[in-house]
1. Could you please give the count of residues in region 136-171 that are among the small types (Gly, Ala, Ser), under 15 Å from Leu117 (Cβ atoms) and surrounded by 14 or more Cβ atoms within 10 Å (Cβ to Cβ)?
2. Looking only at region 157-181, count how many residues are touching a Pro at 6+ places or on another chain (Cβ under 9 Å), of a type outside the set (A, V, I, L, M, F, W, C) and either part of a helix (DSSP H, G or I) or modelled with pLDDT of 80 or more (or both).
3. How about region 174-201: which of its residues are without any contact (Cβ under 8 Å) to a residue 60 or more places away in the chain and over 14 Å from Leu105 (Cα atoms)?
4. Within region 109-150, track down each residue that is outside any helix (DSSP H, G or I) and of a type in the set (A, V, I, L, M).
5. Looking at Leu184, Leu214 in this structure, which one is at pLDDT below 85, under 22 Å from the mean Cα position of the chain (by Cα), surrounded by 14 or more Cβ atoms within 10 Å (Cβ to Cβ) and more than 21 Å from Gly102 (Cβ to Cβ)?
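The values are calculated or read from the model by the stated rules, or taken from the named source; none is laboratory data. Keep in mind that this is a model prediction, so the values were computed, not measured. Methodologically, a virtual Cβ is constructed for each residue, glycine included, from the backbone with ideal geometry; neighbour enumeration extends over all protein chains shown.
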Amino acid sequence: MTEATMEKQNIEMHRLQQVLDRYCLSLTKSRVEAEDLSQETWVKVMDSAQLTEHANPEAYLLRIARNTWIDRVRRKTTHARMLESVRGTAVHSTMPDESRIGTELVMQALMTFLSPLQRTVFLLRDVIGYSAQETALRLGLTPGAVKAALHRARAALPPVRKAVLEGTLPVPNDEGLREVLRALAIAYEGGDLEGMLTLVQQDGLEPAPAIAVLQGRRLRAASNQARHGGSVPSMMLAA
């Protein structure tokens, strides 16, 4: 590669960075969030190694930024919905913040006080926003069974709220249990619905079976991808 070619590429990358920065600022309305979004966009672009091969690098870069921002907004919205669902009428109490620790705390309370079916239906209906019919199809139940499970889940929420608001949940001492809660929080915040459902449908907080099931699902997914020659990145599908 000649020095002139490298200089041309550097100028183009600098131009793309300026365009991306302006676009991220227009999306976030915050310089701090815009810088963070810009950095995350570049990481995703470099991981995909498709920027230099794309017919329109600028459009590709901005599309990645847009989809990344949409994912962030969606995660914040569903997180707020979960906290609001757990909060109930306790409007004067302090709830956990939007950190992963706060998510783990709420998940621990749901896993402790609700049955596998109750917490699964609660998350699908009141948090993710599935209809009764969609939830029934997803779980292989009748809409009536879904409605009954949701009614029982909502009735069981007071001790969940109490444990979260008063901080009475025991700190998990077992590393396996902490791993389950971390995996749940990551799956929830990352929009990995299948991973989240795999974990919440386990009976209790037994770490080994839960993690084994999750790892088995991931291994099968990786095997299917390899067998079919890999999958199209989700960002490209959203283009």
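1. In the first step, residues of region 136-171 are kept if they are among the small types (Gly, Ala, Ser); the result is 136, 140, 144-145, 148-149, 153, 155-156, 163, 167.
Filter once more, keeping what is under 15 Å from Leu117 (Cβ atoms): 136, 140, 144-145, 148-149, 153, 155-156.
Right, trim to surrounded by 14 or more Cβ atoms within 10 Å (Cβ to Cβ) and you get 136, 145, 148-149, 153, 156.
Total satisfying the criteria: 6.
2. 4
3. Scanning region 174-201 gives Asp174, Glu175, Gly176, Ala187, Asp192, Glu194, Gly195, Thr198, Leu199.
4. Kept after step one, since they are outside any helix (DSSP H, G or I), are these residues of region 109-150: 114-115, 129-131, 140-142.
Within region 109-150, Leu114, Leu141 qualify.
5. Values: Leu184 fails: more than 21 Å from Gly102 (Cβ to Cβ).
Every option except Leu214 fails the conditions.
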